[in-house]
Amino acid sequence: MWRFQPVRLYRQAGNIKAALFVAAVVLVAGLLFYTQSVIRDLRQESRETVSLYARLIAKGITDESDTELEFVFREIIQKVSFPVIHSDPDGIPVNWRNLPGNGELELKYVKRIMRDMDSQNVPIPLEITVPAVGPKAAERIVVGHLHYGDSGLIRQLRLLPYAEIGAVALFILLGYGGFQVIRRNEKQHIWFGMARETAHQLGTPVSSLMGWLERLRDYPEEANNVSGQMETDIARLRQISDRFARMGSSPSLEEVDLKDLISGTVDYFRRRIPQTSKNIVLNVNEEKSVTVRGTPVLLTWVLENIVKNAIDSIDKPTGEVSIGVAQQGMKAVISVRDNGKGIPKRDWKNVFRPGYTTKTRGWGLGLSLAKRIIEDFQRGTISVRWSEMGKGTVFEITIPMGRTGS
């Protein structure tokens, strides 16, 4: 449909922002889940390690020579990388390793650390088995506990989710801010661009009418001829009004003879080129009449934009613009060739983007509108077929055909 749809655009913008928010939430949730899973696995490994230490210590306690107990503390406990505290049955710290702080630590400080570690990991009891004596059965006695905290790696992983959330929040903030800036600039550009395009469309017939009025004042005897030309320009203004009135409504399709459409467009420009102070020849190269289904008003708009762009690109004393139409299979092909200044190859696609222009007073909407009309409403294509700096450019339009005639 040939319409600007702000409501639809706003809904799409809202959908994009909602999708970004949902994606961010899913990303954060996934990272948190993965991080917590890794932390749980590492804590389980630490617990299995400390459980092994507890069994060794308990075995060392029951050893009469204390040699094994000394070995456990000297070769194992003192070499672990995570904080560990050995407490007696009453919960009083006896030995500790890798606690924060330097030098001798006060007992109350060690107890506070021990409580913090117990909130993270359940302490592991040091149990020994007292063998049966006479009628008394064997029993297990808790002679202390091993309290342990998270390793440096686990502590880093615990902080990682906060860093991840901060990074994602920053990403969302920057993305949302950038999206708002781009959207605001696009809205401003569209409104100014449409105003400029309106002025551009009205400029030629209005200037022409002013010229005919001046001619009429100087040569009143040419009133009949001048009035006919003025009627053409007035009809042109009605056509422009009809173009803009069609924005917001569905275009009706009908059979369009491209040969007649091109001839009418070329005739209009031929009569008005002298007013541009340029010596330009407009040629029409026709193989045969080619008919497509389309909207004449919109197709004329496209062709005028391409031809006007070709005329404006000529900065030589004399210039030439050639327009041709041909049938290739089931497609109609319109080509517009000029001998203007050309387009750098890197900009062959950019010329159809809104806002791209090489003119000092242009807004770059003409070719963008032409592309939208051809692609969205005619299901065709428009492109720069060839261009070379200083030699000229060829624009090509392809449109699926409705029927052909000779």
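The values are calculated or read from the model by the stated rules, or taken from the named source; none is laboratory data. Values in this document were obtained by computation on a predicted structure and should not be read as measured data. With ideal geometry, Cβ positions are generated from the backbone for all residues, glycine too; neighbour counts draw on all protein chains shown. Quick note on the areas: whole protein, heavy atoms, side chains included, nothing else; ligands and nucleic acids left out. Shrake-Rupley method; radii C 1.70, N 1.55, O 1.52, S 1.80 Å.
Things worth noting here:
- Strands (runs of 3 or more DSSP E) contained entirely in the range 82-173, each with at least 2 residues that are open to solvent by less than 50 Å² (accessible area, probe 1.4 Å) and in contact (Cβ under 8 Å) with a residue 24 or more places away in the chain: 84-87, 124-130, 139-148
- Residue within the range 214-233 that is at pLDDT below 75 and either open to solvent by 60 Å² or more (accessible area, probe 1.4 Å) or under 44 Å from the mean Cα position of the chain (by Cα) (or both) present: no
Residues are listed down the side, and each one gets a yes or a no for (1) modelled with pLDDT of 75 or more; (2) over 48 Å from the mean Cα position of the chain (by Cα):
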position	(1), (2)
Ser81	no, no
Asn95	yes, yes
Leu99	yes, yes
Glu104	no, yes
Lys108	yes, yes
Asp116	yes, no
Gln120	yes, no
His145	yes, yes
Ala163	yes, no
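- Of all the criteria given as (1) closer than 22 Å to Ser207 by Cα; (2) at pLDDT below 85, the one not satisfied by Arg246 is (1).
- The range 18-39, subset at pLDDT below 80 and farther than 20 Å from Leu159 by Cβ, residue surrounded by the most Cβ atoms within 10 Å (Cβ to Cβ): Leu20
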